[in-house]
Amino acid sequence: MEPMDATDPRDPIDLRSDTVTKPSPAMREAMAGAEVGDDVYGEDPTLNRLQERAAELVGKSAALFVPSGTMANQVAIRSWTRPGDAILVGKGAHVFMYESGGAAALSGAQPVVIGEDGLFDADDVREGIFPPDDHYARTRLVCVENTHNGSGGRVFPLERQLEIAAVAREAGLRVHLDGARLFNAAAATGRTVAELAAPCDSVSFCLSKGLGAPVGSLVCGDAEFVRRAHRYRKMFGGGMRQAGVLAAAGLFALEHNVKRLDDDHANARRFAEGMRQLPGVEGVREPETNIVLFRVPDLVGFVAGARARGVLINAIGPGVLRAVFHLDVHREDVDRALVVLGEVLQ
Ligand code: TLP
């Protein structure tokens, strides 16, 4: 049984990211008991099971386990492009902002930022595609992010994804979905991850965020795409050996930690509601999933004051703070965090 009690009041409340979750005792038990083999030989039965399960869940024919969401995105970009190609990305996209310039360094891809807020539409794609003239890079790929981290975990509407995919297909482009938090998008919309991934040629999702596994992401698509991704995973140093211990955590996460994402969304809404009442707090939008963005007058002082009182929060952009809700933050912690942050703002 998973322990359901609140965090020890002496533990810090860590709202920096949903990446900070620690494997539960039951997840650790599953990891310890995993049957393993050498995955570079394709012989890890637990990992093979995870890949099959992931492909089935997202409705693609194949899936590949990689150590991180960053590697999942980067092998996808490398698999769909050649050096000198252009890729269309939304404002604040993780693949553009937070992957150490990987698209340029590893794929020689030239990102073109489209749209205003990360949730771009079909017209933005149409306008972003370079003409087929040899002055221009060849536009090859559109990257969609769902949920969109930089704008506060917003859901990329499925209708838009469908329209984008239609424009992309007409222009001979592929669509990659950075679904690091795709299960949060599914929980928020009541749709399945397969429905949300259907318009896209490839999709990545992370086990190591809201799903609570310590390591791992999947990148999924058709068999030919995954064959190429497999090669680039090796090239990028992501070929692992007895990775079944990690895959066991992933399988456990998919079985036990998906339904509870609604709790994180409820906690995010509770936090947003509380923050709106505090003096000096601005820009609190109603959260769609597990992320709340806000502004305060003295960001540096606020972060330091909160940390000194046991609440950890990060900035994600100039003047913008981000609080992220996950399985190690209980409802009592939300209330305790609100009291502490209220004191810091006094
Ligand atoms: N995002 C991290 C930071 O890098 C910002 C976080 O704390 O949210 N896609 C999206 C949309 C992401 O938010 C992240 C992680 C990734 C990909 C990369 O995943 P990892 O950290 O596993 O490489």
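The values are calculated or read from the model by the stated rules, or taken from the named source; none is laboratory data. Note that the structure is predicted; figures quoted are calculated from it, not measured. Backbone-built Cβ (ideal geometry, glycine too); neighbour counts: all protein chains shown. All accessible areas refer to the heavy atoms of the entire protein, side chains included, with ligands and DNA or RNA removed. Shrake-Rupley method; radii C 1.70, N 1.55, O 1.52, S 1.80 Å.
Here, region 27-68 has an Rg and a Dmax of 11.1, 30 Å when only alpha carbons are counted. Surface composition of region 189-334: carbon plus sulfur atoms contribute 51% of the solvent-accessible area (1.4 Å probe, protein chains only, all chains present).
How much accessible area per residue does region 169-311 have, counting only protein heavy atoms and a probe of 1.4 Å, in square angstrom?
Here the residues of region 169-311 average 41 Å² of exposed surface.
Which of rounded, prolate or oblate describes region 275-346 when judged by the alpha-carbon gyration tensor and an a/c cut-off of 1.5? It comes out rounded by the Cα gyration axes. Shape call for the chain from the C-alpha gyration tensor, a ≥ b ≥ c root eigenvalues: rounded (a/c under 1.5), prolate (a/b greater than b/c) or oblate? Verdict is oblate for the chain. The magnitude of the dipole of region 33-256, with charges of +1 and -1 set on the Cβ of Lys/Arg and Asp/Glu and taken from the Cα centre, is near 440 debye.
With a ≥ b ≥ c the root eigenvalues of the C-alpha gyration tensor of region 212-341, is it rounded (a/c under 1.5), prolate (a/b larger than b/c) or oblate? Taking the square roots of the gyration eigenvalues as a ≥ b ≥ c, region 212-341 is prolate. Summarising the strand pairing of region 33-256, around 35 percent of its internal DSSP beta bridges are antiparallel.
Taking the average, over residues, of other Cβ atoms within 10 Å as the packing measure, peptides 188-195, 68-75 rank 68-75, 188-195 from highest down. Computed on the Cα atoms alone, the convex hull of region 259-298 gives a volume of 52 cubic angstrom per residue.
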